[in-house]
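*Asks:* Mind having a look at this structure? Questions to follow.
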Amino acid sequence: MIETAIRPARAGDAGAIDRLLGAAFGGPDEGALVAGLRADGDVLVELVALRDDEIVGQILFSPLVIGSGPQATIAAALAPVAVLPAHQRARVGTRLVEAGLSALRARACPAAVVLGHPDWYPRFGFSAALSARLVAPFHGPAFMALELVPGALAAGGPVRYARAFGLVPSQEEPAR
């Protein structure tokens, strides 16, 4: 079994991460998102996975504001997580998500959200039911949330993603 090391991303990793994102997603969109998040200072946690000193995976969490006014909470949006195609299905993505959530807990981040595969993210505790009270541009089984602090999402409310996502906050009422 090939050993996978996880460490924080460094400035010198940007080129390798951009190539990884292009290979994993088949285009430049995720690389542009990551570059925008970095340029805006909107990175809470960014980790890379290495095998034989090669970056084979990456995960990034950016700030996500939930609610408004004095009750607003700074949570985290998970996007993207990527693994080079040759290293997929070898637990690299799992290790990255676990390490990323651990880093968020160490920062006392109360919650995280993801728009992702509804059969994969629940293994980490993400749930579409937890996201139901959030007013977001996304809905349905692929939009999931995870409370890192119990009760952190009980109040619900509108979410605001980092500017690099290019999303306009939704004005719809959350499902109750």
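*Asks:* Name the strands (runs of 3 or more DSSP E) wholly inside the range 76-176 in which the number of residues that are under 13 Å from the mean Cα position of the chain (by Cα) is 3 or more.
*Replies:* So the answer is 111-115, 143-147.
*Asks:* While we're here: Could you list, in sequence order, the residues of the range 56-94 that are over 18 Å from residue 131 (Cα atoms) and in contact with a Leu (Cβ under 9 Å, 6 or more places away or on another chain)?
*Replies:* Of everything in the range 56-94, those that are over 18 Å from residue 131 (Cα atoms) and in contact with a Leu (Cβ under 9 Å, 6 or more places away or on another chain) turn out to be 56, 57, 58, 59, 60, 80, 81, 82, 83, 84, 92.
*Asks:* Here's a follow-up. Of everything in the range 3-21, what is part of a helix (DSSP H, G or I) and under 17 Å from the mean Cα position of the chain (by Cα)? Give them in sequence order.
*Replies:* Hits for the range 3-21 are 17, 18, 20, 21.
*Asks:* Determine whether residue 30 is assigned to a helix (DSSP H, G or I), acidic (Asp, Glu) and without any contact (Cβ under 8 Å) to a residue 60 or more places away in the chain.
*Replies:* Judged against the criteria, residue 30 is a match.
*Asks:* Now for a separate question. Just a yes or no: is a residue in the range 59-69 assigned to a helix (DSSP H, G or I), at pLDDT below 95 and over 14 Å from residue 163 (Cα atoms)?
*Replies:* Scanning the range 59-69, I find at least one residue that is assigned to a helix (DSSP H, G or I), at pLDDT below 95 and over 14 Å from residue 163 (Cα atoms), so the answer is yes.
*Asks:* Give the range 36-58 a look and list any residue that's surrounded by 14 or more Cβ atoms within 10 Å (Cβ to Cβ), in contact (Cβ under 8 Å) with a residue 40 or more places away in the chain and outside any strand (DSSP E or B), or say none.
*Replies:* Once the filter is applied, which keeps residues that are surrounded by 14 or more Cβ atoms within 10 Å (Cβ to Cβ), in contact (Cβ under 8 Å) with a residue 40 or more places away in the chain and outside any strand (DSSP E or B), the range 36-58 yields 36, 37, 42, 44.
*Asks:* Among the residues of the range 97-141, how many are buried (at least 19 other Cβ atoms within 10 Å of the Cβ) and either in contact with a His (Cβ under 9 Å, 6 or more places away or on another chain) or among the aromatic types (Phe, Trp, Tyr) (or both)?
*Replies:* 3
*Asks:* Are there any pairs with C-beta distances below 9 angstrom linking a residue in the range 74-100 that is under 20 Å from residue 32 (Cα atoms) to a residue that is among the hydroxyl-bearing types (Ser, Thr, Tyr) and not in a helix (DSSP H, G or I), with the two at least 6 apart or on different chains, and if so which?
*Replies:* 76/62; 77/62; 77/161; 78/62; 79/62; 79/161
The values are calculated or read from the model by the stated rules, or taken from the named source; none is laboratory data. None of the values given here were measured: they were computed from a predicted structure. Using ideal geometry, Cβ is built from the backbone for each residue, glycine included, and neighbour counts are taken over all protein chains shown.
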